[in-house]
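Undergrad: Take a look at this one; I'll ask things after.
The values are calculated or read from the model by the stated rules, or taken from the named source; none is laboratory data. Just so you know, these numbers come straight off a predicted model, no measurement behind them. Don't worry about glycine lacking a Cβ; one is built from the backbone with ideal geometry, like all the others, and counts go over all protein chains shown.
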Amino acid sequence: MKLEVVDGCFSYVDERPILNRLSFEIDPGTFLCVLGQNGIGKTTFLRCLTGILKWKSGGVKIDGKPIDGISSIREVAYVPQAHQVSFPYTALEMVCMGRTKHMKFFSMPSKLDRKVAMQSLEQVGIGHLSEQKCSEMSGGQLQMVYIARALAGKPKLLILDEPESHLDFKNQERVIRQLNRLVREQGISCIMNTHYPEHALRISDYTLMLGERGSYEFGLTKAVLTEANISRFFEVSARILDLNELGVDAKAFVLTENQ
């Protein structure tokens, strides 16, 4: 599934654009991370992308065909920012909700739906939690349930809003590793908002950086996620450190001073 955004524009107040003539495309089976300061428009971008918000002008194409929003497309799944569950659904019941697009109106989950839901739980490594109530889960466990729910719909494109936020290091690593595996091993395309440049450097093929008044930078992650762009979009000075000398195949950002 090839995704294109063509001249996408959006603003809550006409004279202050949030997204301004945003254009990019990603090929099937690739990973895009979206970065930017708090309140800059990352979640707004995902809501425009999925059709929750309507573009002021421009829009989205799937495989070359213009569409109003991708939330109604069976092959697309959206994982919003994590929130606690008040109702005592089990993990399996929650993931079965991800089969809605494959079910008839007012129908109950079939044996096939439950089987797919269970496979999705196992796919993200929490099959053993299938009967546990979501209201009693940790943040990391619940985040994996939400991802499993999205996967139960058999998507070709997975869109996530800050899936690793509010998680400890261990659970951040767990989420990032599972998402990377889904893209590399199953060919699912993934678009993810994140606050962590290190995560983008580690797993994303492309990076979209959003700035003030609709400014943006898009391209291959190694070309876009530079010290100069960190300074431009986050208004801080930072150094990128290569950790290979420590036997770690990764890079890290270290802040030097505020601008």
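A quick yes/no check of all residues on (1) farther than 30 Å from Leu22 by Cβ; (2) over 21 Å from the mean Cα position of the chain (by Cα):
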residue	(1), (2)
Lys56	no, yes
Arg74	no, no
Gln81	no, no
Met103	yes, yes
Met108	yes, yes
Val116	yes, yes
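Undergrad: Please determine, by comparing only the residues of segment 192-217 that are hydroxyl-bearing (Ser, Thr, Tyr) and within 21 Å of Pro28 (Cα to Cα), which one is nearest to the chain's Cα centre (by Cα).
TA: That would be Thr194.
Undergrad: Do we find a residue being within 20 Å of Leu179 (Cβ to Cβ), without any contact (Cβ under 8 Å) to a residue 40 or more places away in the chain and surrounded by fewer than 17 Cβ atoms within 10 Å (Cβ to Cβ) anywhere in segment 51-72?
TA: Within segment 51-72, one or more residues are within 20 Å of Leu179 (Cβ to Cβ), without any contact (Cβ under 8 Å) to a residue 40 or more places away in the chain and surrounded by fewer than 17 Cβ atoms within 10 Å (Cβ to Cβ).
Undergrad: Within segment 40-63, identify whether any single residue is in a loop (DSSP other than H, G, I, E, B), under 18 Å from Leu160 (Cα atoms) and not aliphatic (A, V, I, L, M), and answer yes or no.
TA: Yes, some residue in segment 40-63 is in a loop (DSSP other than H, G, I, E, B), under 18 Å from Leu160 (Cα atoms) and not aliphatic (A, V, I, L, M).
Undergrad: If you don't mind, there's one more thing I want to ask. Could you please give the count of residues in segment 132-171 that are hydrophobic (A, V, I, L, M, F, W, C) and on the phi > 0 side of the Ramachandran plot?
TA: Adding up the residues that qualify gives 0.
Undergrad: Identify, from the list Leu220, Leu210, Leu225, the residue that is touching a residue at least 60 places away in the same chain (Cβ under 8 Å) and closer than 19 Å to Val6 by Cα. So that I can check it myself, show each step before the final result.
TA: On the way: Leu220 fails: touching a residue at least 60 places away in the same chain (Cβ under 8 Å); Leu225 fails: closer than 19 Å to Val6 by Cα.
Selected residue: Leu210, the only one of Leu220, Leu210, Leu225 that is touching a residue at least 60 places away in the same chain (Cβ under 8 Å) and closer than 19 Å to Val6 by Cα.
Undergrad: Scan Val85, Val76, Val116 and give me the residue that is modelled with pLDDT of 90 or more and surrounded by 11 or more Cβ atoms within 10 Å (Cβ to Cβ).
TA: Numbers: Val85 fails: modelled with pLDDT of 90 or more; Val76 fails: modelled with pLDDT of 90 or more.
Criteria check complete, one pass: Val116.
Undergrad: Which one of the conditions (1) in a loop (DSSP other than H, G, I, E, B); (2) under 30 Å from Leu35 (Cβ atoms) does Tyr146 fail to meet, given that it meets all the rest?
TA: Failing condition for Tyr146: (1).
Undergrad: Another one. So which residues in segment 1-28 are assigned to a loop (DSSP other than H, G, I, E, B) and either surrounded by fewer than 17 Cβ atoms within 10 Å (Cβ to Cβ) or among the basic types (Lys, Arg) (or both)?
TA: Those that are assigned to a loop (DSSP other than H, G, I, E, B) and either surrounded by fewer than 17 Cβ atoms within 10 Å (Cβ to Cβ) or among the basic types (Lys, Arg) (or both): Lys2, Ser11, Tyr12, Asp14, Glu15, Asp27, Pro28.
Undergrad: Follow-up. Any idea how many residues of segment 196-218 are of a type outside the set (Phe, Trp, Tyr) and in a strand (DSSP E or B)?
TA: Going residue by residue through segment 196-218, those that are of a type outside the set (Phe, Trp, Tyr) are 197-205, 207-215, 217.
From what is left, the residues that are in a strand (DSSP E or B) are 207-210, 217.
Final tally of qualifying residues: 5.
Undergrad: Out of the residues in segment 120-137 that are surrounded by fewer than 15 Cβ atoms within 10 Å (Cβ to Cβ) and at pLDDT 90 or above, which is nearest to His83 (Cα to Cα)?
TA: Within segment 120-137, the subset surrounded by fewer than 15 Cβ atoms within 10 Å (Cβ to Cβ) is 122, 125, 128, 131, 135-136.
Cutting the leftovers down to at pLDDT 90 or above gives us 122, 128, 131, 135-136.
On the way: Glu122: 22, His128: 22, Glu131: 19, Ser135: 10, Glu136: 13 Å.
Taking the candidates together, the pick is Ser135.
Undergrad: Is there a residue being surrounded by 15 or more Cβ atoms within 10 Å (Cβ to Cβ), more than 14 Å from the chain's Cα centre (by Cα) and at pLDDT below 90 anywhere in segment 157-166? Give the derivation first.
TA: Just the residues of segment 157-166 that are surrounded by 15 or more Cβ atoms within 10 Å (Cβ to Cβ), to begin with: 157-165.
With more than 14 Å from the chain's Cα centre (by Cα) added as a condition, the list becomes none.
No, segment 157-166 has no match at all.
Undergrad: May I pose another question? Only residues in segment 155-169 that are in contact (Cβ under 8 Å) with a residue 40 or more places away in the chain count as the first member; pair them with residues that are in a loop (DSSP other than H, G, I, E, B), Cβ under 6 angstrom, at least 6 apart or cross-chain, and list the lot.
TA: These pairs meet every condition: Pro155/Glu75; Lys156/Met1; Lys156/Glu75; Leu157/Met1; Leu158/Ile188; Asp161/Pro80; Asp161/Gln81; Glu162/Gln81.
Undergrad: I need the full set of residues from segment 164-174 which are under 17 Å from Gln84 (Cα atoms) and among the hydrophobic types (A, V, I, L, M, F, W, C), in order please.
TA: Leu167, the sole residue that qualifies.
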